[in-house]
Amino acid sequence: MSAGAQVRRWYRSASVAERATTGAVIAAAVGLLLTSIALTPPDRRSAGVTSTAVAAGRTGETGLTPAEVASGAAAAAGTSGSAQSPAAGGGGAGGSAGPGSTVVGGRTAGGVVRTSSDRGVAPTKIKIGFLLQNTAGLNGAGFSTGQRTDGPQYVDALAKWASKNGGVAGREVVPVFRYTDPTSVEDQAAACRAMVDDNKVFGLVDVASILDTAALDCLVRPDGGNTPFVHSAMWSTEWQKRSGGNEVSYQAAVDRISITWARDLAAMKWFPPGATIGILGDKCPATEPVVMNVLAPALKAKGAGRVVFGLHDCDIQSVVSQPANIATQFRLSGVTHVLVTSNFVTGQLFTNAAASQGYHPKYSTSDWFLNTSNVTTANFDPTEFDGAIGIASQGTVLKASGKKPYDGWQVCSQIATEAGLPSINPGDAASEELLDLCDNFRLMIDAINLAGVNPTRASWRAVIPTLPARVSAQFGPSKFAPGKLSGSDFVHTLLWQASCRCYHSVSDFRPAAA
């Protein structure tokens, strides 16, 4: 996931009132903070979309309304030597095409009649929604997430690939895609209405476009949109329960991350018995309870003496104004070790402030806010952050560390190249959004394929906890189970080095603690 997505993941956990700041203010604040990050590509809305009509936006949207892509010829467009089909696996990322997978006039090869079994499902077609980040506001302020601009074409390629390889539950995939502004509460609400009410999709695939809590509830809660939703911005297991089984992610829930993090830091004697540990984070409702009730107790159970909380208020102004004060607080409190659970902007400001104060604690990160990514930590003060330890599942640094990347990227890359698009390579920051999107789409359709000839949202929810163990191209081996709808079941240790401003993997993989 891109660096810009990490700020917006923090934004999701805030309340509506706390996020009343306008998109222009957010863009200006982040732009001022990150002047060293490179800069303004064209607005992603300008990317060409060969098979899509993009209409004018409604009030409160980004200038784009949802555009339904009906790949009418997809089922007949197969070619030999094509990318691996959904039924073929691929590092655990594939699944059965389901009973009678051939599309034959709404019947299976065995004569079973396919029906319009649920919202978005017709006898020969199934609608799947895709969200892509529209970051024009941040780009216009001089901040670029650096992601590729061919997302709509890649969505089209994903749908055609699935359709020509037996379909999804024997049906042609009709993709519905929409650019959505992750910093706009109004636009995320509009995205929910567009997918649920206007286009009536069966399920929705995202990376990190829907970060607003109200928009998420609109999509997934059983008393709301009741939509199967696979994405990459997960909070706690308790928070996830609000969806009734609709919200699924390869990213580990942050309570699970916390338990593993404390275990591994203690095992490697990163902090001595009785150490004073500071937790740098925020007071947002989806994260503060985990810091206070899971991470801090886990550290104390492993021998920490005192835990000091440096949590900024849950608004964008506090992201800018409070990290320096937290650095002072930690220094005066005798904090010697700092765990970063904040968004990357707060982490950057904190390390800069600590360095200016001559305060040099030891640092550790985790997949919480994806601070184990080279993209997110590139502008941390290098003299301050040198030697930081990360506990991670994500594998974006494996290739650069001389290790084999997680499987699954090969299929996602071949889907791109067969459509005439640039390849997707592990460790390429510009392709992270598309790799995540492919990863999440394959999870979505594998569950649909196992949900019966005539799938329903209820049967999809029932299948997810029963899926065989699989490998995420981003987060590695993952097994879902009843009450466990997030993946990332193995972790490795990372070491951040100032010489390259990057992490390297310095351990073998081991099972996560939870």
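No lab work stands behind these numbers, since they all come straight from the coordinates. All values reported here derive from a predicted model rather than from experimental measurement. Backbone-built Cβ (ideal geometry, glycine too); neighbour counts: all protein chains shown.
With a 10 Å radius around each residue's Cβ, average the other Cβ atoms per peptide and rank 429-438, 175-184, highest first.
Result, highest mean Cβ count within 10 Å first: 175-184, 429-438.
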ask   = According to a simple spin-label model (label point 7 Å from Cα along Cα-to-Cβ), what is the distance in nm between residue 508 and residue 293?
value = 3.7 nm
ask   = Roughly speaking, what is the stretch gain from residue 302 to residue 269, that is 0.36 nm per residue apart minus the C-alpha to C-alpha distance, in nm to one decimal?
value = 10.9 nm
ask   = residue 198 versus residue 360, label points 7 Å from Cα toward the beta carbon: distance in nm?
value = 5.5 nm
Among the listed pairs 125/160; 269/300; 269/362; 300/484, those beyond 18 Å (Cα-Cα) = 300/484
inquiry  = At a threshold of 8 angstrom on Cα-Cα distance, excluding pairs fewer than six apart, so keeping six or more, what relative contact order does the range 366-475 reach in percent?
reply    = 27 percent
ask   = Can you give me the Cα centroid spacing of the range 358-415 and the range 298-355 in angstrom?
value = 20 Å
ask   = Over the range 273-407, what is the relative contact order in whole percent, taking alpha-carbon pairs under 8 Å and six or more residues apart?
value = 22 percent
remark   = To the nearest 0.05, the calculated FRET efficiency linking residue 321 and residue 466 through their beta-carbon distance, R0 being 51 Å, is 0.60
task = Work out, step by step, the length gained on full extension between residue 481 and residue 403: first 0.36 nm times the residue separation, then minus their alpha carbon distance; give nm to one decimal.
result = 25.2 nm
remark   = Fewest to most Cβ atoms within 10 Å: 254, 307 sort as 307, 254
task = Show the residues, 5+ positions off or on another chain, whose built amide H is closer than 5 Å to the amide H of residue 278.
result = 308, 336, 337, 338, 339
query = Summing Lys, Arg as +1 and Asp, Glu as -1, what charge do residues with Cβ under 9 Å from the Cβ of residue 242 carry, residue 242 excluded?
reply = -1
note = Taking every other residue with Cβ under 12 Å from the Cβ of residue 106 and scoring Lys and Arg +1, Asp and Glu -1, one gets +3
request  = Excluding residue 390 itself, calculate the net charge of residues whose Cβ lies under 12 Å from the Cβ of residue 390, where each Lys or Arg counts +1 and each Asp or Glu counts -1.
outcome  = -2
remark   = Candidate cut points under trypsin sites (Lys or Arg not before Pro) in the range 439-495, DSSP loop plus at most 13 other Cβ atoms within 10 Å of their own Cβ, are 479
note = What one gets for the range 317-472 as the Kirkwood radius, inverse of mean 1/r over different Cα pairs in Å, is 18.5 Å
task = Multiply the residue separation of residue 383 and residue 425 by 0.36 nm, subtract the distance between their alpha-carbon atoms, and state the gained length in nm to one decimal.
result = 12.1 nm
inquiry  = Give me, ordered by chain and number, the residues 5 or more places off residue 513 or on other chains with an amide H under 5 Å from its own placed amide H.
reply    = 260
